[in-house]
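Input: a single structure, listed below in structure tokens.
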Amino acid sequence: MIDTTRHTAQSLFQRVAPEGSNAAKLQDIRARQILRMRELRPVERQQRLENRTRNANLVTPLARKEPSHGAV
């Protein structure tokens, strides 16, 4: 029973190796894609940070007036 549950859980997260004549080619493409995504993450993170700071700088000078107690 425990082995069956363990096998089921492991099969959920185990990658299926591609089959057929293009299996090696598909694995190579997937490996390059994973590397490319790892390289892009820090670049995208830096761009998001720059956009956030740029947006914050644009909003800061145009600060909204706080409503008075009578307006609430």
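The values are calculated or read from the model by the stated rules, or taken from the named source; none is laboratory data. Predicted model only: the values in this text are computed from it and were never measured. Quick reminder, even Gly has a Cβ in these numbers, built from the backbone with ideal geometry, and neighbours come from all protein chains shown.
Answer with yes or no whether Asn55 is modelled with pLDDT under 90 and not hydrophobic (A, V, I, L, M, F, W, C).
Values: modelled with pLDDT under 90: yes; not hydrophobic (A, V, I, L, M, F, W, C): yes.
Spelling it out, Asn55 is indeed modelled with pLDDT under 90 and not hydrophobic (A, V, I, L, M, F, W, C).
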Residue that is surrounded by the most Cβ atoms within 10 Å (Cβ to Cβ) [pool: residues in segment 1-27 that are under 22 Å from the mean Cα position of the chain (by Cα) and part of a helix (DSSP H, G or I)]:
Gln27
